Amino acid sequence: MIELALTTERVRPIFYSFRRCPYAMRARLAIAITGVIVELREVELRDKPAAMLAVSPKGMVPVLQLENGEVIDESLDIMFWALRQNDAEHWLNSSWLQNAVQLIRRNDEEFKYHLDRYKYADRYPAYSELYYRQQGELFLTDLERRLNQSQFLCGDYFALADAAILPFIRQFAAVDSDWFESSPYPAVKQWLNRFLTSKLFDVVMTKYQFWKPYDPLLFFGSEKTGVN
């Protein structure tokens with residue numbers, strides 16, 4: 001699962017992450033499920049390391065720097081990179097891949113917009129917190145419909161769409177947990193709870209100290225796991 005070492009004979013991809021960031025979380029999920037090993041660097045967003053900014057000046061996680069110097073700094077692209085190395089769990093099943101990508105795009109372009117405003121409604125006074133929540137619920141309604149048809153978003157096993165979207169649903173649920181627990185989305189709640197109680201979630205949410213340039217190397221992703 002996790003290896004800690006002071007030295008290594010082989011250069012590994014460098015992965016900059018922040019534990020609570022849903023974009024970084026989705027990337028860690030793909031890395032963990034594929035067993036690809038990366039050098040994990042947990043960063044403090046208020047004090048971003050110069051090494052990360054040098055390879056990705058936009059200063060947002062996740063960032064993956066490959067052994068050849070290539071930089072991938074979009075979370076979905078990192079997921080695809082990891083899965084191209086080893087897709088033993090068939091997350092990229094071609095029969096539903098296009099559907100999964102379209103659903104992820106809705107999450108990233110529509111749902112995330114309303115999620116941010118729901119979380120920080122005082123920063124966006126044009127509308128009420130209730131309004132932003134109701135806009136987010138339009139996406140939840142679609143997920144509920146899907147999950148009433150199959151155990152997971154695009155079929156009967158946990159895969160790309162689930163991993164890419166669940167971190168954002170987790171955030172939405174946490175804004176007002178009492179409301180969410182009483183909300184009319186039983187399938188979504190069951191789907192989320194299955195994820196939150198899985199070994200895979202425990203692995204990707206392990207706490208690490210913030211990385212410093214002189215720290216020993218910390219490797220992540222050496223054991224595959226899953227959501228039952």
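The values are calculated or read from the model by the stated rules, or taken from the named source; none is laboratory data. If you're wondering where the values come from, they're calculated on a predicted model, not measured in any experiment. We place every Cβ from the backbone using ideal geometry, glycine too, and count neighbours over all the protein chains shown.
Going by what's in this entry, would residue 145 be described as surrounded by fewer than 13 Cβ atoms within 10 Å (Cβ to Cβ) and either touching a Phe, Trp or Tyr at 6+ places or on another chain (Cβ under 7 Å) or in a helix (DSSP H, G or I) (or both)? Yes, satisfied.
Could you say whether any residue in the range 212-220 is part of a helix (DSSP H, G or I), out of contact with any strand residue (DSSP E or B) (no Cβ under 9 Å at 6 or more places or on another chain), free of Cβ contacts under 8 Å to residues at least 60 places away in the same chain and among the aromatic types (Phe, Trp, Tyr)? No, that holds for no residue.
When the range 161-189 is examined, which residues are found to be out of contact with any Phe, Trp or Tyr (no Cβ under 6 Å at 6 or more places or on another chain), of a type outside the set (A, V, I, L, M, F, W, C) and surrounded by 12 or more Cβ atoms within 10 Å (Cβ to Cβ)?
We begin by selecting, within the range 161-189, every residue out of contact with any Phe, Trp or Tyr (no Cβ under 6 Å at 6 or more places or on another chain); these are 161, 163-165, 167-172, 174, 176-189.
Imposing the further condition that a residue be of a type outside the set (A, V, I, L, M, F, W, C) reduces the set to 167, 170-171, 176-178, 181-186, 189.
167, 170, 171, 176, 183, 185, 189 - these are the residues of the range 161-189 that are out of contact with any Phe, Trp or Tyr (no Cβ under 6 Å at 6 or more places or on another chain), of a type outside the set (A, V, I, L, M, F, W, C) and surrounded by 12 or more Cβ atoms within 10 Å (Cβ to Cβ).
Residues in the range 64-90 that are in contact (Cβ under 8 Å) with a residue 40 or more places away in the chain, in contact with a strand residue (DSSP E or B) (Cβ under 8 Å, 6 or more places away or on another chain) and either acidic (Asp, Glu) or not assigned by TED's automatic domain parsing to the domain that holds residue 29 (or both): there are none.
For residue 82, indicate whether it is out of contact with any helix residue (DSSP H, G or I) (no Cβ under 8 Å at 6 or more places or on another chain), surrounded by 15 or more Cβ atoms within 10 Å (Cβ to Cβ) and either assigned to a helix (DSSP H, G or I) or modelled with pLDDT under 95 (or both). It is false that residue 82 is out of contact with any helix residue (DSSP H, G or I) (no Cβ under 8 Å at 6 or more places or on another chain), surrounded by 15 or more Cβ atoms within 10 Å (Cβ to Cβ) and either assigned to a helix (DSSP H, G or I) or modelled with pLDDT under 95 (or both). Only one entry in 118, 113, 131 is of a type in the set (Ser, Thr, Tyr), under 30 Å from residue 14 (Cα atoms) and in a helix (DSSP H, G or I), namely 113. Against the numbered list (1) at pLDDT below 95; (2) within 21 Å of residue 29 (Cα to Cα), residue 212 comes up short only at (2).
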